[in-house]
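Just below is one structure, and these are the notes that go with it.
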Amino acid sequence: MTKDLLKKKKTKDIKIYCDITKCVGCRSCEIACAVEHSKSKDIFSAIKEKALPKKRVKAENINNKIISLHCQHCEDAPCIKACMSGALSKDEKTGATLQDKDKCVGCWMCVMSCPFGAIVQDVENHIAVKCDLCPDREDFACVAACPTGALFVGTKEEFEKKVKKK
Amino acid sequence: MKYLIIGGSAAGVACAETLRKHDKSSEIAVISDEVFPLYSRCLLTYLLAGSIDESKLYFKDKTFYEDNNIKFYLCKKAVSIDRKEKSITLKDRTKISYDKLLLATGASPKLVDVPGIDKKGVFTVRKIDDARSIMKMLNKVERIAVLGGGLIGLRDAYALRQRGKEVAVIVKSPQVLSQMVDKQAASLIAARLEKNGIKIMTGLAAKEIIGKEFVEEVLLDNGEKIKCQMIIIGKGVKANTELAASCGLKVEEGIVVDEFLKTSDENIFAAGDCAQTYDIARGERRINALWPCAVEQGERAALNMLDKKIKYDGSLSMNSVDFFGLASISMGVTKPKEEKDYEIISQVKNNIYKKFVLKENVIVGMVLVGDIKPAGIISILIKNRIDVSSIKHLLLDDNFDYAKIMPLVAKYKDKFKLEECKDTIITY
């Protein structure tokens, strides 16, 4: 993947897709995600942090088909509707589903309504945790870490075109 | 067009927001009889528990109404509707006309009919004023009795226990959360509450509230007396339908609406805790007085007030509770009456309980205690009425995740309504 493509950030049309045929379930995305959301952002320090950093992406499989799955930032997001504390909201410009951690009370209504199981509990801090699209970096940690090129950033058309080529 | 909304909570605000999103110029007004704007009722027990303060009660920006150019009436109560003239009258006799009206009048706490209920120290927890009054009195209180072992009663009890109070919950049914979960789940949840100092007394009801001016004791129907300085009634809610009924709209347990959330008057819609809608899992009309349902109905009502004619599929009852770190979620039918018509897949393992209720290979209900990870994934299988026969054996799997339903998403692509589900299976 070219550097430019890596640097694409989420806009209304652009999101992260996973090519199931390329994902080998190496969990590099999971580790990169956890490290990116650690205090130190360094793997060797991160594993010693008191509350271990939480990943927001998961390599899941069925019948040898593996997908790296994270929040899909749904346009009509069920989690936002379910959020009774106003912690989840839609960024109208980028289409991102954002979370205000200070407002989250850990009622798990979002966990209850996410069709992808992509919102998880941070039990230590009693708040929900989800993909925040790596606000501290120009690209996405999971995509940058993917060694097989399974994770792809772009429009749906671009992704479909790319996977059809093979 | 003039849009008018009665009720400024989940359904009302969601409706106003959606109307404004699609119609930048029409007049939109919201009337609320509350003293505090834009607060989340569900957060009141968190306020009571002391885990948040009042500044965190807002579920929208404080400037929501200004930002969206919506006229907002605070502390105003609508007392009548003139359907012919298409106007409503407030308690202060102000008349407001409308072209399309939404009733999002919510619900009120059910009370118990026992002598002494008017004594000082008896509360319900529904509005911010209730929470404020309770907190004002709290430092003089050591023992509290909660009447009702449903979701509301237990949440109140949990909150007050976190304030260090001695709390006893009086539950009429033989189990807690009898509307929400089965006996097995209830016993796990009750055990967690008891372990943390909340006394659960099942199969009992209050007979009399005793005291002079203030509450001193509650007499139970087995003759036992419990000392307490405060009583919380947490018996559930009933829909506020008076306004709708008084202008002749069709009302049963709630305001009756069609699949477009329209009442029996074509210019009046209803949404939220006051509306009786179709229940997807049960296949009958029912009130699901829940935040997510209210938001969804408010949005959908707005689209139909805008004449977009988009059907509402119905609501699914779902609840999430977390007491002392034990998270539980229930959905749909958790205790089928005619067991023989249903298939039950369940398991208790290491204090984790999972139960799935199926009818003709479609999941219609679920209970999860201790591990709630799969809840959302199951919710779309219930909502979209997916035949799960091919993945039934995986339901109890500790690693049940979205990938496990990918074959179903691929197979029944058109049944899954959420567009993003289709994105995940492009290369499946």
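The values are calculated or read from the model by the stated rules, or taken from the named source; none is laboratory data. A quick note: this is a predicted structure, and the numbers were derived from the prediction, not measured. Don't worry about glycine lacking a Cβ; one is built from the backbone with ideal geometry, like all the others, and counts go over all protein chains shown. To get the accessible areas, we keep the full protein, side chains included, count just its heavy atoms, and leave off ligands, DNA and RNA. Shrake-Rupley method; radii C 1.70, N 1.55, O 1.52, S 1.80 Å.
The one condition from (1) closer than 29 Å to B:Asp273 by Cβ; (2) in contact with a strand residue (DSSP E or B) (Cβ under 7 Å, 6 or more places away or on another chain) that B:Lys172 does not meet is (2).
Please specify each residue of the range B:48-66 satisfying the condition of being open to solvent by 80 Å² or more (accessible area, probe 1.4 Å) and within 12 Å of another protein chain (Cβ to nearest Cβ).
Hits for the range B:48-66 are B:Asp53, B:Asp61, B:Lys62.
B:Val367 meets all of the listed conditions (1) facing chain A (nearest Cβ under 7 Å); (2) open to solvent by less than 30 Å² (accessible area, probe 1.4 Å) but one, namely (1). Of the residues making up the range B:396-413, at least one is open to solvent by 10 Å² or more (accessible area, probe 1.4 Å), of a type in the set (Gly, Ala, Ser), free of Cβ contacts under 8 Å to residues at least 40 places away in the same chain and under 16 Å from A:Asn63 (Cβ atoms). Taken over the range A:48-72, the criterion of being facing another protein chain (nearest Cβ under 10 Å), surrounded by fewer than 23 Cβ atoms within 10 Å (Cβ to Cβ) and out of contact with any Asp or Glu (no Cβ under 8 Å at 6 or more places or on another chain) is satisfied by A:Asn61, A:Ile62, A:Asn63, A:Lys65.
For the range A:76-88, the tally of residues that are open to solvent by less than 50 Å² (accessible area, probe 1.4 Å) and either in contact with a strand residue (DSSP E or B) (Cβ under 7 Å, 6 or more places away or on another chain) or in a loop (DSSP other than H, G, I, E, B) (or both) stands at 9. At least 2 residues being of a type in the set (Gly, Ala, Ser) and exposed (fewer than 15 other Cβ atoms within 10 Å of the Cβ) is the threshold, and among the helices (runs of 4 or more DSSP H) wholly inside the range A:96-166 not one reaches it.
Scan A:Cys107, A:Cys114 and give me the residue that is at pLDDT 95 or above, within 24 Å of A:Ile14 (Cα to Cα) and not assigned by TED's automatic domain parsing to the domain that holds A:Glu60.
A:Cys114
Could you list, in sequence order, all residues of the range B:45-90 that are polar (S, T, N, Q) and either in contact with a helix residue (DSSP H, G or I) (Cβ under 9 Å, 6 or more places away or on another chain) or under 19 Å from B:Ala10 (Cα atoms) (or both)? The answer is B:Thr45, B:Ser51, B:Ser55, B:Thr63, B:Asn68, B:Asn69, B:Ser80.
So is B:Arg300 more than 13 Å from chain A (Cβ to nearest Cβ) and either open to solvent by 20 Å² or more (accessible area, probe 1.4 Å) or out of contact with any Asp or Glu (no Cβ under 9 Å at 6 or more places or on another chain) (or both) or not? Criteria not met by B:Arg300. For the range B:384-395, the set of residues classified as facing chain A (nearest Cβ under 9 Å) and either among the charged types (D, E, K, R) or open to solvent by less than 20 Å² (accessible area, probe 1.4 Å) (or both) consists of B:Ile391 only.
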